[in-house]
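What follows draws every value from the coordinates through simple rules; no lab data is involved. Owing to the predicted nature of the structure, the values given are computational and were not obtained by experimental measurement. Note: ideal-geometry Cβ built from the backbone for every residue, glycine included; neighbour counts use all protein chains shown.
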Amino acid sequence: MEPAGQVRSLRRTLLIGILLPVIAVVALNTVSLYRQALAAITTAYDRTLLASAKSIGELLDVDGYDEAAVLHATVPYSALEAFEADNKSNIYYRVSSLQGEMVSGYAVLPFWRGTIPAKPAYAALVDFYDDHVNGEPVRVAVLLQPVATDDGRGMAVIQVAETLELRHTLARQILLDTLWRQAALVAFIALVVVLVVQRATHPVRRLSQTLQARLENDLTPITAPDAPRELRPLVDATNHVMTRLQHLLDHQKRFVRDTAHQLRTPLAVLKTQVQSALRNDIEPRQALLEINATVDRAAVLANQMLALAKVEQLRQQANAEVLDWSAVLRAVAIDLSPLLADKDIDFAIHTTPTPVRAHDWMLRELARNLLHNAIKQTPVGSALQVDLVADGTQAHLCIADSGPGISPDLARRLYQPFSAGDVQHGSGLGLAICFEIVQALGGSIALVNRVQQGVHQGLDATVRLPLVQNT
């Protein structure tokens, strides 16, 4: 989690994400090269120690045979001169019998007590090991050298030891040279990465500058034809969000405009009625009745406009659940049963289970508006039929009333707000609300005059919504 207020930099993330693995690989490579160089140095100097031991072996004499053999050694300084040419290392040697009796050399060099490897690295009975002389670490080569002369035969143990100053100095020099080269390599890679990341993030910075330079209410789609392919999903998603925001903004502006326009009339009428009552132009009871009717119409209008706004709000939400439309429809029919009884309507309803994905409020508002409109248009004592069936992949609702139907002029503007057929008893928002709900649920709605044998029978309001399969 990023700390509050701290914004992650894409450029910094790319740099860290690229450079850290590179540095880790370079560090591992440096360690590996150093170990390889140290192993090569050790091998080279061990080979020199072995050569010196062999040189000493060539200077040995023996009297007697096997256990009775007595070794003699005369080792000149020139035999060890190659080791002391740098004046940095101390050389020790020791010539002993197999039993450890020293024949020549330095007594401070401990006698070898090890064993010869089963598969020595050289064609000789040789072993290399680390030890200490006078408290200093040394590298020792031990050679079991057979010695044979005309006067005897025996086995000599030749040890040649060297302090490690020269080896360590050379290893440090190799390490420093390696580090300098690897540091130069990392610096070069870092420079290349910075340049590449700078170039790669240039479209992002340019896009950011373009957005920052926009006006506050500019929600037009972003045009970025030269944006990299990786940025296209971000640009498309941003354009999609801007389109939705523009739609919401337009809806809000239209809602405010329509609300101001539609509420102005009932408020003006209400003010006139109140002023008339204050002047005693009409009877108080009659004035109150007129004011009450005006307030009722204004309340209906306000509720319908709020419903229209709520449809748009629910459209943006993605938490719709699966509901049985038939149960919702029957519940709404029960709520409106007093209206059916008042007009003595011959009401019939037939439904089958129809699972649809929708908000409960949407289904109820849709059914309420359609049924209320059908009840209002149906004459007293006439029939009103409601059928809801599952038709393939769709739920099909048909509300058939016995009313006068709709005129061709009204049919052309039927779903537009404030297009009521009866301006005295409606605001024209009911069908607009139904249309918006059906559109939000991915369905369709149609109002068609029902004609049989050339005689008008009423109006069929049909709605189709997608069924939820396998529920």
Where Lys and Arg each count +1 and Asp and Glu each count -1, what net charge lies around A37 among other residues with Cβ under 12 Å from its Cβ?
-> +2
Taking K54 as the anchor, which aspartates and glutamates have their alpha carbon closer than 18 Å to its alpha carbon, excluding any fewer than eight residues away along the same chain?
-> D46, E81, E84, D127, E162
Point-charge dipole on Cβ atoms (K/R +1, D/E -1) for the range 203-251, about Cα centre, debye to 20 | 180 debye
Once the in-chain neighbours fewer than 8 apart are removed, the aspartates and glutamates whose Cα is under 20 Å from K343 read D335, D401, D422, D460
In whole Hz, with x marking every Gly and Pro, tabulate ³J(HN,Hα) for the range 170-177 from phi via Karplus 6.51 cos²θ - 1.76 cosθ + 1.60, θ = phi - 60°.
-> 5, 5, 5, 5, 5, 4, 4, 4
Excluding residues fewer than 8 places away in the same chain, name every one of the aspartates and glutamates whose C-alpha is closer than 12 Å to that of K271.
-> E290
Taking only the alpha carbons of the range 92-163, the radius of gyration and the largest Cα-Cα distance, Dmax, both in angstrom, are 12.6, 42
